[in-house]
1. Could you count how many residues in region 1-26 are surrounded by fewer than 20 Cβ atoms within 10 Å (Cβ to Cβ) and touching a strand residue (DSSP E or B) at 6+ places or on another chain (Cβ under 8 Å)?
2. Given (1) of a type outside the set (F, W, Y); (2) within 11 Å of the chain's Cα centre (by Cα); (3) assigned to a helix (DSSP H, G or I), identify the lone condition not met by P11.
3. Taking into account only those residues within region 49-77 that are among the small types (G, A, S) and within 22 Å of D137 (Cβ to Cβ), which is least open to solvent (accessible area, probe 1.4 Å)?
4. Could you go through region 112-121 and let me know if any residue there is touching a strand residue (DSSP E or B) at 6+ places or on another chain (Cβ under 7 Å), closer than 28 Å to P62 by Cβ and β-branched (V, I, T).
5. Of a type in the set (D, E) and in contact with a Gly (Cβ under 7 Å, 6 or more places away or on another chain): which single residue out of E114, E124, E153 fits that description?
6. Check V160, V170 and return the single one that is touching a Lys or Arg at 6+ places or on another chain (Cβ under 6 Å) and either under 24 Å from V28 (Cβ atoms) or of a type in the set (A, V, I, L, M) (or both).
Amino acid sequence: MSTRLVLLGPPGAGKGTQAARLAERFGVPAISTGDIFRANIKGGTPLGRTVQEYTSRGALVPDSVTNDMVRDRLAQDDVTEGFLLDGYPRNVAQVGELDVILADAGLTLDLAVEITADPDVVAERLLKRAEIEGRDDDTEDVIRHRLDIYSQETAPIARVYGERGLLVQVDGIGDVDAVTERLVAAIGATSGR
């Protein structure tokens, strides 16, 4: 059985950690747009140079570039049994583009899983991570701004998938193993619909 998932959630909700765990559990690649960006930049690809032009000045990479990278990644052989997308789609326009990418490949999305988390808890987590990793630029104001951007641009994606009957929400607060088990249970309960 294939598993094709989109993982949503605010910064600091544990998406990266849970994406890796879920990918291993379901035997599918975790596809992070951040990882794709970094791999293209490191490889010096034309796409990577384009991405670097934006990221070096702190700008968001335009949808057209992100869409091209995701289309290319989803055309690779290791996604035939499924995938878990982390960080894409990040806005409603990208939901439409993902629909086209999947339709062109004769595929459909199985589920969108939203990891929910109290904004104060994730802000505290991100501040702690910034302190541990020495990220001077991750101040409380910057973190709150990132959470505001998430709620304005990315949270509406959850509504779209909810309207399609493809959304499950899972509480992302608590022990990492417990969150993983909640996610696996929610995904398992909705597979085979």
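The values are calculated or read from the model by the stated rules, or taken from the named source; none is laboratory data. Not measured: the values here are computed from a predicted model. All Cβ positions, even for glycine, are placed from backbone atoms using ideal geometry, and neighbour counts span all protein chains on display. Surface areas here come from the heavy atoms of the whole protein model, side chains and all, with no ligands, DNA or RNA. Shrake-Rupley method; radii C 1.70, N 1.55, O 1.52, S 1.80 Å.
1. So the answer is 5.
2. Tallying (1) of a type outside the set (F, W, Y); (2) within 11 Å of the chain's Cα centre (by Cα); (3) assigned to a helix (DSSP H, G or I), P11 fails exactly one: (3).
3. This residue is A59.
4. Within region 112-121, one or more residues are touching a strand residue (DSSP E or B) at 6+ places or on another chain (Cβ under 7 Å), closer than 28 Å to P62 by Cβ and β-branched (V, I, T).
5. Exactly one of E114, E124, E153 is of a type in the set (D, E) and in contact with a Gly (Cβ under 7 Å, 6 or more places away or on another chain), namely E114.
6. Answer to the selection: V170.
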